[in-house]
1. For the residues 129, 105, 80, what sequence is obtained by ranking on other C-beta atoms within 10 Å, fewest first?
2. Running Debye on region 66-140 with equal point scatterers at the Cα sites and no solvent, what base-10 log of I(q)/I(0) appears at q = 0.16, 0.17, 0.18, 0.20 Å⁻¹?
3. Which of 28, 100 has the fewest other C-beta atoms within 10 Å, and how do the rest follow up to the most?
4. So if R0 is 25 Å, what FRET efficiency would residue 1 and residue 102 give, r being the distance between their Cβ atoms, rounded to the nearest 0.05?
5. Need one number: nm distance between label points at residue 93 and residue 113, each 7 Å from Cα along Cα→Cβ, rounded to one decimal.
6. Find how much the distance from residue 77 to residue 124 grows on full extension, using 0.36 nm per residue of separation minus their present alpha carbon separation; answer in nm with one decimal.
7. Which ordering of 123, 106 is given by a fewest-first count of other beta-carbon atoms within 10 Å?
């Protein structure tokens, strides 16, 4: 699991902005939407949150932030949905230094096969999608 500061919070309104304004990138089993943290809608929302609730938003930073969405349509079992979510968050945690630090990203899972897929195959899917979105830096 990644640290809390790298996850979206439900009350900040950033997810809605990313979903409305961010471009979508899709691979076989997942897709993502991303938006740079200096986008005008995000900047205005961030300054509004800081000014209206200074104590609540004291240590808040606008980027990077990630969310993993696994719908009940993917799997009725909460255990399976959580397993998929944990596996993706673990990959994000391990590769955080290689990811673009100025983006807010929402990952959507489309198939429950990710729960039983070998980890290396999952890594390939994630890398393919993040490279398509130009969010993954090449390691020398």
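1. 80, 129, 105
2. -0.56, -0.63, -0.71, -0.86
3. Least to most surrounded, the residues fall as 28, 100.
4. About 0.65, to the nearest 0.05.
5. Distance between the two pseudo-spin positions: 2.7 nm.
6. 14.4 nm
7. Ordered by Cβ neighbours within 10 Å, fewest first: 123, 106.
Values in this text are rule-based calculations from the coordinates and carry no lab data. None of these values were measured; they are calculated from a predicted model. Cβ: placed from backbone, ideal geometry, glycine included. Neighbour counts: every protein chain shown.
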